[in-house]
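Bear in mind these aren't lab numbers, they're just calculated from the coordinates by the rules spelled out. The shown structure was predicted, so the numbers you read here are calculated from the model rather than taken from an experiment. Here Cβ is always computed from backbone atoms with ideal geometry, including for glycine, and neighbour counts include all displayed protein chains.
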Amino acid sequence: MFDSQGDALPTWVALTLVAGAAFALALAVPRTPPPDASAVANAADTVTAGEHAAARIVPTDAAAVRVRPSRVALRNDAGTAHATLRERVTPAATPRLRRVLRGDPPIAVYPSLAAFRADSRRARVNARNENDDWRACDGSLTVRRVVRGGVDVTLLG
């Protein structure tokens with residue numbers, strides 16, 4: 001009943017260390033979930049599978065995006081999410097392709113539809129070959145399918 005208090009200080013130090021570790025662990029848990037790459041992939045597949053030209057804007061909380069012809073990856077502070085596309089897309093990797101993605105007709109951006117087709121092919125080939133080409137994302141991604149003069153391209157960016 002009247003034991004010495006010789007172990008009180010080490011007990012308090014141990015409790016303080018355990019509480020500090022628990023607090024640090026709580027701070028390390030991400031506040032937001034990783035971005036939803038499957039929503040972007042589903043939107044791209046829906047637009048691509050349609051019979052006509054179409055466009056869709058997909059809201060996302062990703063800070064960065066990486067588009068491949070058959071995969072999309074989204075990244076934020078909580079982590080990275082990947083999704084596989086059923087249909088092939090073209091990354092809007094050049095300023096001209098981004099203009100078409102935003103809604104400009106290809107014939108207003110390119111000298112010919114053949115030039116648009118060639119730039120689209122080049123963007124797909126470059127996307128396969130590049131290792132780390134993350135692009136900033138501003139809260140949404142756009143998917144646009146362009147069908148004109150024998151050219152059928154789905155842009156994502």
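Some points to look at:
- Theoretical FRET efficiency, 1/(1+(r/R0)^6), r = Cβ-Cβ of Leu9 and Arg31, R0 30 Å, to 0.05: 0.25
- Per-residue ellipticity at 222 nm from helix content only, as computed over the chain with -39500 (n - 2.57) for each DSSP H run of at least four residues, stands at -12500 deg cm²/dmol.
- 13 Å cut-off, amide nitrogen to a point 7 angstrom out along Ser140 Cα→Cβ, residues in the range 101-127: 102-103
- Compared with the alpha-carbon gap, the fully stretched path from Ala55 to Arg128 is longer by 23.9 nm at 0.36 nm per residue.
- Computed over the Cα atoms of the range 37-156, pair by distinct pair, the Kirkwood hydrodynamic radius stands at 14.3 angstrom.
- Site pair Phe23 and Ser38 shows an inter-label distance of 3.8 nm when each label is modelled 7 Å from Cα along Cα→Cβ.
- Evaluated with a Cβ-only charge set (Lys, Arg +1; Asp, Glu -1), the range 37-156 carries a dipole of roughly 380 debye about its Cα centre, given to the nearest 20.
- Projecting the Cα atoms of Tyr110, Ile57, Ala92 onto the charge dipole of the range 37-156 (Cβ charges, centred on the Cα centre) puts Tyr110 farthest toward the positive pole.
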